[in-house]
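**Q** Pasting a structure below so you can have a look.
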């Protein structure tokens with residue numbers, strides 16, 4: 001699905017001194033296609049879980065910032 005992107009990724013690995021991971025080991029294109037290519041939207045509610053006492057949550061934006069910072073520090077992404 002993204003085989004044509006391998007040369008671009010390899011150039012980025014060289015340019016930014018990243019770990020030499022093959023692109024297909026870093027991304028699951030079939031999964032992304034499945035998530036983004038749905039014919040119907042998904043609607044979820046946490047109300048029932050909260051009524052049962054599951055009140056903790058993780059801030060999505062902060063979680064992504066932490067993930068990307070960790071991937072950068074490990075030289076996986078630029």
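The values are calculated or read from the model by the stated rules, or taken from the named source; none is laboratory data. Note that the coordinates shown come from a computational prediction; the quantities given were computed from them, not determined experimentally. Cβ coordinates were reconstructed from backbone atoms using ideal geometry, including for glycine residues, and neighbour counts include every protein chain displayed.
**Q** For residue 3, state whether it is surrounded by fewer than 10 Cβ atoms within 10 Å (Cβ to Cβ) and at pLDDT below 90.
**A** Yes; evaluated as a whole, the condition is true for this residue.
**Q** Continuing with the same structure: Out of all the residues in the range 44-62, is one or more under 24 Å from residue 77 (Cα atoms) and surrounded by 10 or more Cβ atoms within 10 Å (Cβ to Cβ)?
**A** No, the range 44-62 contains no residue that is under 24 Å from residue 77 (Cα atoms) and surrounded by 10 or more Cβ atoms within 10 Å (Cβ to Cβ).
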